[in-house]
Amino acid sequence: DYQAIANPERTRAILKKYGFRFKKSLGQNFLTNEKVLQKIVSAADVTDQDDIIEVGPGIGSLTEQLAIHAHQVLAFEVDERLEPVLDETLAPYENTAVIFEDILKADLETLVSKYFDGKHTLKIVANLPYYITTPIMMQLLKTKLPIERMVLMMQKEVAERLAAHPGTKAYGTLSIGVQMRAEVEIAEIVSHTAFVPAPNVDSAVVVLKMRSEPAVKIPDQKSFDRLIKGSFAHRRKSLWNNLISLYGKDPQTKAKLTAALAQAQIDPGTRAEQLSLQQFANLDAAILQAD
Ligand code: SAM
């Protein structure tokens, strides 16, 4: 008589048995909707050829579904109060290990080579704690691990920024940082009622298919990051005004920037949110060349 951990009655019974109290500060909103869990598993296309890293297993509702479909699951949970709970709920799943550590502090590369055999496809699947969605995602996007894709539940508003196109309000530094490294697709919008406790806003399941090369060629990551950050520093100002705040207002710098913009065929009066990844890459190359 199998009952999924996510089954609302079973979740309630588990929480009661351990006298568990949610910590808002840890972004604890647990999924109690089995259909949503199936959507996540199918968006991640989880098979027995996959090794999965999960961030924040909570009481194990998603972990369980991953364990059923994957080869191995390695989960990172910062809240040690969940250790006895997960010991019980995940006991039937021998292909699962939980490490009680902050995902931002964990030495992922070492742990992955310790727990996984390196012969399976590496995927990340998580219902993220919303207060640190961006830092977790950016850290995972930058690891050297051969991650094939990440399937992440996050606030809908953040998901829309990840997927945003140039010329829209949602398009900005986050869109560019993520789209450089992954193909982004929103797989599903999820009502806040799928969670206990229910958060204030709706969520979305985002699929990030990792690129083997950056979306566009850039001459230098640091100078590109600096250009993007500076170009969006004041969203209502023109690109030109943001560029001179970033690089300098002296006549020499201004002449250099004018030449670089002309070479990249970009109107100085435009706004950063109008520029594609390729245009930013061209501009960065032109600025470096003008040095
Ligand atoms: N996966 C569970 C589910 O779907 O029901 C729980 C998801 S809940 C939104 C986020 C989980 O991440 C919580 O269990 C929380 O304790 C954990 N968490 C918060 N910050 C973390 C961190 N820095 N590292 C690892 N886990 C963290």
Handout entry: Low-density loop cleavage sites - trypsin sites (Lys or Arg not before Pro) in the stretch 1-108, where at most 16 other Cβ are within 10 Å (DSSP)
Key = Arg21, Lys23, Lys105
Handout entry: Efficiency of FRET between Asp291 and Asn241 - r from beta-carbon atoms, R0 22 angstrom, step 0.05
Key = 0.55
Problem - Residues Ser25, Ser191, sorted so that the one with the fewest Cβ neighbours within 10 Å comes first - result: Ser25, Ser191
Fill in the blank from the handout: Taking Cα pairs closer than 8 Å and at least 6 residues apart, the relative contact order of the chain in percent is 15 percent
Handout entry: Residue among Ser223, Ala204, Ile186 farthest towards the positive dipole end of the stretch 184-241, charges placed on Cβ
Key = Ser223
Fill in the blank from the handout: For the Glu80, Met138 Cβ pair and Förster radius 45 Å, calculated FRET efficiency rounded to 0.05 is 0.95
Exercise for the section: Give me the compactness ratio for the stretch 1-47, meaning the Cα radius of gyration over 2.2 N^0.38 Å. Expected result: 1.35
Handout entry: Charge dipole (debye, nearest 20) of the stretch 1-160; +1 at Cβ of Lys and Arg, -1 at Cβ of Asp and Glu
Key = 560 debye
Handout entry: Normalised convex hull volume, the stretch 6-122, alpha-carbon set, Å³ per residue
Key = 101 Å³
Problem - Per DSSP, loop trypsin sites (Lys or Arg not before Pro) in the stretch 117-167 with at most 16 further Cβ within 10 Å - result: Lys119, Lys144
Practice task
Using a 10 angstrom cutoff on alpha carbons, build the Gaussian network for the chain and name the most mobile of Thr133, Thr63, Thr168.
Solution key: Thr168
Handout entry: log10 of Debye I(q)/I(0), alpha-carbon scatterers only, for the stretch 169-274 at 0.12, 0.25 Å⁻¹
Key = -0.57, -1.36
Problem - Lys, Arg +1 and Asp, Glu -1 on Cβ, resulting dipole of the chain about Cα centre, debye, nearest 20 - result: 1420 debye
Exercise for the section: Could you give the size of the charge dipole of the stretch 85-161 about its Cα centre, using +1 on the Cβ of each K and R and -1 on the Cβ of each D and E, expressed in debye and rounded to the nearest 20? Expected result: 400 debye
Handout entry: Antiparallel DSSP beta bridges within the stretch 116-232, as percent of all bridges there, nearest 5
Key = 70 percent
Problem - Rh by Kirkwood over Cα pairs, then Stokes-Einstein D for the stretch 214-291 at 1.306 mPa s and 10 °C, µm²/s - result: 130 µm²/s
Exercise for the section: Percent of Cα-Cα pairs per 5 Å bin, from 0 to the last occupied bin, for the stretch 140-204, please list those. Expected result: 4, 17, 23, 21, 17, 12, 5, 0
Handout entry: Scattering profile of the chain at q = 0.09, 0.12, 0.13, 0.14 Å⁻¹ [log10 I(q)/I(0), Debye over alpha-carbon scatterers]
Key = -0.50, -0.79, -0.88, -0.98
Completion exercise
With label points set 7 Å from each Cα along the Cα-to-Cβ direction at Glu213 and Tyr18, the distance between them in nm comes to 4.7 nm
Exercise for the section: Please list, in chain and number order, the residues 5+ apart from Ile103 or on another chain whose amide H is under 5 Å from its amide H, with Hs placed from the backbone. Expected result: none
Practice task
Of the options Thr63, Thr258, Ala285, report the single residue whose Cα projects farthest towards the positive end of the charge dipole of the chain (beta-carbon charges: Lys, Arg +1; Asp, Glu -1).
Solution key: Thr258
Problem - Computed [θ] at 222 nm, deg cm²/dmol, the chain (DSSP H ≥ 4; -39,500 (n - 2.57); rounded to nearest 500) - result: -12000 deg cm²/dmol
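Only the coordinates and a few stated rules stand behind these numbers; no lab work does. Because the structure is predicted, anything quoted here is derived from the model rather than measured. Cβ sites come from the backbone with ideal geometry, for glycine too, and all protein chains shown count toward neighbours.
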